[in-house]
Amino acid sequence: MFQTFDKSSPHARKLWMALLARAPQPLLDAALAEHTHMQPQWLRRPETGLMMVQGRVGGTGERFNLGEVTVTRCALRLHTAASDASVGVSYVLGRNHHQARLAAVADALLQDPAQHAALEASLLTPLREHLQAQHAARHARAQTTKVDFLTVAREAGGDEEGDEA
């Protein structure tokens, strides 16, 4: 039987890892400013490579290879005074080693119950709000290009009964 090493629920960790993977570096810098002095024990230093991205036909159909993206990953162990050494892992899009390190530090700190509540308020909540605002702006920009084809047909005056007569 496989046992996880972190003490947090696997579902909660999955959610914050997804947030940290999309977190912009300035937001991570601001939230983790007091933790930058910590020297991690590197399990895997930040390294950049390629990862194959897959898509699904129609969003639910068969998988197909969409292409490759650049990804930076790292793993570290943080020794904090309040808890055992937590292991933080991160994968971020792009080549930013500092951003990957900050995301891994945040992952390790979020596993510590003493740090979790403070980081939830200072990092995860602002990050959720930032990503929701970014999504809303992208959606609003896409809506400006929306075409209502029924309206276009009426404006063109293409009445099928009148064309045949």
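The values are calculated or read from the model by the stated rules, or taken from the named source; none is laboratory data. Only a predicted model underlies this, so the values are computations on that prediction, with no experimental measurement involved. Neighbour counts are summed over all protein chains in view; Cβ atoms, including those assigned to glycine, are modelled from backbone coordinates with ideal geometry. We work out accessible area using only protein heavy atoms, side chains counted, and drop any ligands, DNA or RNA first. Shrake-Rupley method; radii C 1.70, N 1.55, O 1.52, S 1.80 Å.
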Would you say residue 114 is among the small types (Gly, Ala, Ser) and open to solvent by less than 70 Å² (accessible area, probe 1.4 Å)? no
If I filter the stretch 74-83 for residues that are of a type outside the set (S, T, N, Q), out of contact with any helix residue (DSSP H, G or I) (no Cβ under 6 Å at 6 or more places or on another chain), loosely packed, with under 13 Cβ neighbours inside 10 Å and under 23 Å from residue 15 (Cβ atoms), do I get at least one hit? no
Starting from residues that are loosely packed, with under 15 Cβ neighbours inside 10 Å and of a type in the set (A, V, I, L, M), keep the ones in the stretch 22-40 and report whichever is modelled with the lowest pLDDT. 38
Restricting attention to the stretch 21-61, which residues are polar (S, T, N, Q) and over 14 Å from residue 91 (Cβ atoms)? 25, 36, 39, 41, 54, 60
